[in-house]
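Trainee: Handing you this structure, nothing more for now.
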Amino acid sequence: MFKVLHAAAGSLPLRRFARLAAAGALVTTAFLAGLHGANAQTAVRFTLDWRFEGPAALFLMAQEKGYFKAEGLDVTIDTGNGSREAIPRVASGTYDAGFGDVNSLIRFRDENPSVDLKAVMMVYDRPPFSIVGRKSRGVTADVKSLEGKKFGAPAADAAFAQWPIFKTVNKLDDSKMRLENVGFPVREPMLASGEVDAVFGFANSSYINLKSRGVPVDDIVVMLMADYGVELYGNAIMVSPKFMAEKPEAVRGLLRAITRSVKETLANPDLGAQLVIKRNDVAKVEVELERLKMTLEQNVVTPWVKANGFGGIDKARWERAVEQIGLTFTFKDKAKAGDAFVDSFLPASVERVF
């Protein structure tokens with residue numbers, strides 16, 4: 001190659017050779033740019049519902065194993081401030097996708113009818129909404145034991161948001177209850193110290209946090225709302241309307257990668273916990289591993305998911321859930337608000353079988 005160019009240079013006027021060389025360089029640059037464009041990845045901004053704790057492994061595994069990259073996606077995963085807060089983040093377009101409470105999404109759609117934000121994959125088939133109390137404070141598995149108690153109730157907590165449904169379904173009189181708005185960081189410490197009798201929270205968060213603070217396991221009472229007549233779903237993947245409309249294939253790729261990620265996390269939860277620790281240096285691997293395993297068992301791989309596959313919904317149950325939301329929330333347009341889930345972006349059913 002060098003010899004040919006050298007010969008050409010010797011037989012051509014210098015100015016003409018320079019023009020040919022420049023043209024060749026432009027062609028080469030264009031070719032390389034084309035290659036780069038073909039391999040360019042779609043940037044995706046993804047918000048979690050909470051900190052880097054055990055459940056975050058469901059998504060971090062996709063980064064670790066290259067599942068996002070294999071789908072042509074460059075995904076940035078950020079922490080959240082609660083499963084309700086993920087909704088405005090995604091609705092505003094600040095994030096392309098996120099992990100948040102689907103029941104709050106339904107309410108959001110009714111309050112903001114011009115924003116067609118939808119969930120595209122159900123992750124928590126059984127929600128972790130719970131009331132966590134202590135036997136030593138008079139709380140038992142009987143819901144009537146809650147009457148007359150003092151609760152730590154973070155205003156932005158998705159579990160507390162379901163309290164009106166829980167108390168209605170279970171016919172509780174809350175006129176004698178004291179609900180104190182507390183911050184997330186002090187919720188479990190207040191229960192551990194006896195400042196409150198019970199708290200609202202996710203079971204996989206409050207229960208594990210209490211244990212890690214030295215509260216005896218046999219003194220902790222966990223009332224999963226799903227065990228007390230609440231038929232709601234939990235956290236789902238939601239995608240901004242703009243991202244869904246402009247990049248539908250990226251949405252499909254995102255869900256394929258997450259499906260693979262959940263399967264891999266189920267097969268290797270120890271690695272999942274390690275991935276969390278890499279991003280949260282104050283967390284303890286044994287605590288996050290227990291939290292992750294609890295989440296997988298109670299919320300993700302439910303009997304319904306085992307029988308029907310991951311990521312979808314049971315339409316009859318969905319309708320009952322919307323009706324329960326309507327027990328304590330006055331819809332302006334229930335049908336439109338309830339049209340909050342679309343399954344057309346999910347991977348093929350055979351790929352979603354665990």
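Trainee: Give me a count of the residues in segment 96-134 that are farther than 15 Å from Asn235 by Cβ and in contact with a strand residue (DSSP E or B) (Cβ under 6 Å, 6 or more places away or on another chain).
Mentor: 4
Trainee: Run down Asp125, Asp157 and say which single residue is surrounded by 20 or more Cβ atoms within 10 Å (Cβ to Cβ), touching a Phe, Trp or Tyr at 6+ places or on another chain (Cβ under 9 Å) and at pLDDT below 95. Walk me through it before giving the result.
Mentor: Numbers: Asp125 fails: at pLDDT below 95.
Result: Asp157 is the single residue among Asp125, Asp157 that is surrounded by 20 or more Cβ atoms within 10 Å (Cβ to Cβ), touching a Phe, Trp or Tyr at 6+ places or on another chain (Cβ under 9 Å) and at pLDDT below 95.
Trainee: Let me ask you something else. Can you name the helices (runs of 4 or more DSSP H) wholly within segment 254-354 that have at least 3 residues being surrounded by fewer than 19 Cβ atoms within 10 Å (Cβ to Cβ) and either modelled with pLDDT under 95 or not assigned by TED's automatic domain parsing to the domain that holds Ile77 (or both)?
Mentor: On the way: elements: 269-279, 285-295, 303-308, 315-328, 334-338.
Those helices (runs of 4 or more DSSP H) do not exist here; none qualify.
Trainee: Inside segment 179-231, can you point out the residues that are part of a helix (DSSP H, G or I), in contact with a strand residue (DSSP E or B) (Cβ under 6 Å, 6 or more places away or on another chain) and within 16 Å of Asp157 (Cβ to Cβ)? Give the derivation first.
Mentor: Of all residues in segment 179-231, those part of a helix (DSSP H, G or I) come to 184-193, 203-212, 217-219, 225-228.
Right, trim to in contact with a strand residue (DSSP E or B) (Cβ under 6 Å, 6 or more places away or on another chain) and you get 187, 190-191, 203, 206-207, 210, 219, 225.
Of everything in segment 179-231, those that are part of a helix (DSSP H, G or I), in contact with a strand residue (DSSP E or B) (Cβ under 6 Å, 6 or more places away or on another chain) and within 16 Å of Asp157 (Cβ to Cβ) turn out to be Arg187, Met190, Leu191, Ala203, Ser206, Tyr207, Leu210, Met225.
Trainee: On to the next question. In the list Val132, Val199, Val182, Val217, which residue meets the criterion of being within 29 Å of Val282 (Cβ to Cβ) and without any contact (Cβ under 8 Å) to a residue 12 or more places away in the chain? So that I can check it myself, show each step before the final result.
Mentor: Details: Val132 fails: without any contact (Cβ under 8 Å) to a residue 12 or more places away in the chain; Val199 fails: without any contact (Cβ under 8 Å) to a residue 12 or more places away in the chain; Val182 fails: without any contact (Cβ under 8 Å) to a residue 12 or more places away in the chain.
Within the list Val132, Val199, Val182, Val217, the selection yields Val217.
Trainee: Same structure, new question: What about Phe17, is it part of a helix (DSSP H, G or I), at pLDDT 50 or above and among the aromatic types (Phe, Trp, Tyr)? Explain how you work it out, then say what you get.
Mentor: Details: part of a helix (DSSP H, G or I): yes; at pLDDT 50 or above: no; among the aromatic types (Phe, Trp, Tyr): yes.
Here the answer is no, as Phe17 does not meet what is asked.
Residues checked against (1) at pLDDT 95 or above; (2) assigned to a loop (DSSP other than H, G, I, E, B); (3) over 12 Å from the mean Cα position of the chain (by Cα); (4) basic (Lys, Arg):
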residue	(1), (2), (3), (4)
Thr76	yes, no, yes, no
Ser83	no, yes, no, no
Thr94	yes, yes, yes, no
Phe99	yes, no, no, no
Leu105	yes, no, yes, no
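Trainee: Where residues in segment 210-231 are among the small types (Gly, Ala, Ser) and on the phi < 0 side of the Ramachandran plot, which of them is nearest to the chain's Cα centre (by Cα)?
Mentor: If we filter segment 210-231 for residues that are among the small types (Gly, Ala, Ser), which is where we start, we get 212, 214, 226, 229.
Narrowing the set further to residues that are on the phi < 0 side of the Ramachandran plot leaves 212, 226.
Numbers: Ser212: 24, Ala226: 19 Å.
Ranking the qualifying residues of segment 210-231, first place goes to Ala226.
The values are calculated or read from the model by the stated rules, or taken from the named source; none is laboratory data. Fair warning: this is a prediction, and the values are worked out from it, not measured in the lab. Backbone-built Cβ (ideal geometry, glycine too); neighbour counts: all protein chains shown.
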